[in-house]
Amino acid sequence: MADLRGGDLSRLRQLNSLTAIRALRETGPLTLSALAERTGLSRPSTKEVVDELSSLGWVEEVPPSPGTMGRPARRYRFRAENGHLVGVDIGGHNVRAALSDLDGRVLAETRQPVEPDAPLDERLDAIERAVSGCLTLSRRTPDDLWVLAAGTTGVISPDGRISFSAAVPAWTGLDLAGRLREMFPCEILVENDSRLAALAEARRGVARDARDVVFLHVGRRMGTGLIIDGKVHRGFGAAAGEIAMLPEARWFDAPDHLNTSAAVPPGTPPEDAAGHTLAAARDGDPVALEAVGRYLDDLAVGTAAMVLLLDPQVVVLGGGFSRSADVLLGPLRERLERRCIRTPEIRASTLGDECVVVGAIDYAVEHVERRFFTPEAGPLPLSR
């Protein structure tokens with residue numbers, strides 16, 4: 001009986017600690033009385049929990065604000081700077097990296113250009129330079145990293161291999177997680193970039209109030225990310241949402257309508273062509289408007305299929321073309337209304353080009369939470 005009771009008490013202390021950490025992370029610095037009220041613990045129990053978490057390095061007392069009169073109540077905060085996370089967006093033309101604390105607060109960002117047809121090792125070198133730049137800016141070292149989460153185009157297997165990548169053919173078959181583990185001494189996560197973008201919009205962006213979301217990753221290539229019941233949906237083989245692979249959806253070549261429009265000035269770099277068409281459409285150019293209409297005809301086919309299948313609360317227009325949401329949203333909505341039983345609200349991304357790298361950070365944060373801050377994780381370890 002003694003052993004059982006000891007186990008029960010240890011479990012209770014763990015649950016109380018996790019409850020306190022959750023309250024401090026959600027609300028910020030709190031006094032013991034405020035923390036006790038939020039956790040439902042007695043003040044003496046709260047003091048015991050805070051003392052233990054302080055000894056483990058997870059919590060510390062916040063100094064009084066300058067100029068505070070009298071003896072203020074002690075306040076405590078979660079030490080999010082205990083560890084650091086890196087999110088990486090491995091795009092066709094750029095590699096973006098961001099470094100954050102354990103709460104996902106971004107501390108440094110860098111970007112490295114890379115050509116779509118760059119050799120494999122050159123693209124991997126760009127990743128290393130981008131992450132190293134973040135570490136240098138924040139005065140950290142690779143040993144300070146807990147998790148690196150990378151988002152990339154393609155079909156990603158659960159173990160971090162790239163099964164197929166149309167945008168970066170050299171990526172196909174690559175054990176990306178394995179190569180990143182050779183470069184960085186931390187846990188490595190690899191996920192499809194559109195799913196990470198969807199996660200970012202659901203956590204920080206325009207879809208924070210929605211539980212069921214279809215994210216349209218529109219730009220020089222097309223992709224989707226699905227949020228179902230508040231969680232990223234990957235499917236049984238981590239291939240959910242890959243509707244661009246279906247020729248009948250007409251998504252694979254849809255951007256060509258914008259890239260090859262006669263509204264694009266001669267000599268325009270290929271990466272800027274669609275932007276010229278969209279800008280001309282905004283100004284009422286009939287040739288550009290016709291090209292945009294053809295693009296939206298194709299976009300609406302796959303989008304309507306997903307809306308009819310999932311009945312989402314919100315469709316988010318994200319990716320590079322979301323900067324032209326004023327040109328695209330209204331006509332897309334009209335096309336969906338002609339096809340769908342119920343047309344969801346369609347919103348423009350608020351994160352723009354940052355959606356993947358921010359989503360990678362949030363993905364890493366969720367991994368850390370599961371690893372350390374859930375009852376299933378076991379006793380809280382000493383901070384690193």
Is it the case that the stretch 42-61 has a residue that's touching a residue at least 24 places away in the same chain (Cβ under 8 Å), open to solvent by 20 Å² or more (accessible area, probe 1.4 Å) and outside any helix (DSSP H, G or I)? no
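Give the residue, chosen from A23, A73, that is modelled with pLDDT of 90 or more, in contact with a Ser or Thr (Cβ under 8 Å, 6 or more places away or on another chain) and either outside any strand (DSSP E or B) or of a type in the set (F, W, Y) (or both). Talk me through it step by step, then tell me what you get.
Working: A73 fails: modelled with pLDDT of 90 or more.
After ruling out the rest, the residue left standing is A23.
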Pick out the one residue from R339, R335 that is more than 30 Å from V147 (Cβ to Cβ) and open to solvent by 40 Å² or more (accessible area, probe 1.4 Å). R339
Number of positions in the stretch 242-280 that are within 24 Å of A166 (Cα to Cα), open to solvent by 60 Å² or more (accessible area, probe 1.4 Å) and part of a loop (DSSP other than H, G, I, E, B): 5
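Of all residues being in a helix (DSSP H, G or I) and within 13 Å of L120 (Cβ to Cβ) in the stretch 154-177, which is modelled with the highest pLDDT? Just the residue, please.
Start the filter on the stretch 154-177 by keeping residues that are in a helix (DSSP H, G or I), which leaves 169-171, 176-177.
If we keep only those that are within 13 Å of L120 (Cβ to Cβ) as well, we get 169-171, 176.
Details: P169: 79, A170: 81, W171: 85, L176: 96.
Going through the qualifying residues, I end up with L176.
Before we move on, is F321 open to solvent by less than 40 Å² (accessible area, probe 1.4 Å) and of a type in the set (F, W, Y)?
Working: open to solvent by less than 40 Å² (accessible area, probe 1.4 Å): yes; of a type in the set (F, W, Y): yes.
In short, yes.
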Within the stretch 92-104, can you find the residues that are buried (at least 24 other Cβ atoms within 10 Å of the Cβ) and more than 10 Å from C134 (Cβ to Cβ)? V95, L102
Does at least one position in the stretch 180-203 carry a residue that is in a loop (DSSP other than H, G, I, E, B) and over 25 Å from L99 (Cα atoms)? no
Please enumerate the residues belonging to the stretch 112-141 that are in contact with a helix residue (DSSP H, G or I) (Cβ under 7 Å, 6 or more places away or on another chain), surrounded by 15 or more Cβ atoms within 10 Å (Cβ to Cβ) and outside any loop (DSSP other than H, G, I, E, B). Q112, L124, E128, L135
Looking only at the stretch 195-208, count every residue that is without any contact (Cβ under 8 Å) to a residue 60 or more places away in the chain and touching a strand residue (DSSP E or B) at 6+ places or on another chain (Cβ under 8 Å) and tell me the total. 1
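Got at least one residue in the stretch 275-297 being among the acidic types (D, E) and at pLDDT below 95?
Filtering the stretch 275-297 down to residues among the acidic types (D, E) leaves 283, 285, 290, 297.
Now drop any that are not at pLDDT below 95, which leaves none.
No: zero hits.
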So L145, is it in contact (Cβ under 8 Å) with a residue 60 or more places away in the chain, open to solvent by less than 10 Å² (accessible area, probe 1.4 Å) and touching a strand residue (DSSP E or B) at 6+ places or on another chain (Cβ under 7 Å): yes
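The values are calculated or read from the model by the stated rules, or taken from the named source; none is laboratory data. Note that the structure is predicted; figures quoted are calculated from it, not measured. Every residue, glycine among them, receives a Cβ derived from its backbone with ideal geometry; neighbour counts consider all protein chains shown. The area values use the complete protein model at the heavy-atom level, side chains included, leaving out ligands, DNA and RNA. Shrake-Rupley method; radii C 1.70, N 1.55, O 1.52, S 1.80 Å.
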